[in-house]
Amino acid sequence: MSFDPTSLTYDEAGLLPCIAQEVETGEVLMLAWMNAAAVARTLETGRVTYWSRSRQAFWVKGETSGHVQELVELRVDCDRDCLLALVRQAGPACHTGRRSCFYTAVRDGDEVEIMAPEA
């Protein structure tokens, strides 16, 4: 059965969340949004392409920073309203220079930074 990006369940803005996970380690790197065209571009090019809600434009991860996400596999969740992109991440995934966007933990009611920016 061939995959059709329009078969996914998008929100009222035509978007769905996509979680990027490092294929080798299982580390969750980030969450961003895709529309049907970004899903199609990702599958066509093998470079993960998101939809920037702030810029209202396509955003190819690493296009300006060089911190590219190479798609290994794209997975669809059971409700077809969320994607999991298994990727090979070059450099940090977060715009803050950290490997992951999830660098703050809540521990005993306090926010704790658990990851420093990469040098």
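A short reminder: the numbers here are calculations on the coordinates, not readings from a lab. Every value quoted in this text rests on a predicted model; they were computed, and no experiment measured them. Cβ atoms come from the backbone with ideal geometry, glycine included; neighbour counts cover every protein chain shown.
Summary of values
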| read-out | value |
| --- | --- |
| Under the Debye formula (equal points on every Cα, no solvent term), log10 I(q)/I(0) of the chain at q = 0.09, 0.20, 0.21, 0.22 Å⁻¹ | -0.25, -1.11, -1.19, -1.27 |
| Between helix 36-45 and the chain: long-axis angle, C-alpha atoms, 0 to 90°, nearest 10 | 80 |
| Under-5 Å amide H pairs with Met34, H placed in peptide plane, nonlocal only | Leu16, Cys18, Trp51 |
| Cα centre as origin, Lys/Arg/Asp/Glu Cβ charges: region 20-85 dipole, Debye | 360 |
| Residue among Val106, Val87, Val76 with the largest mean-square fluctuation in a Gaussian network model of the chain, springs linking Cα atoms under 10 Å | Val106 |
| Other-chain or far-sequence residues with amide H under 5 Å of Leu29's (modelled H) | Ala20, Gln21, Glu22 |
| Dipole moment magnitude, nearest 20 debye, the chain about Cα centre, only Lys, Arg, Asp, Glu C-beta charged | 400 |
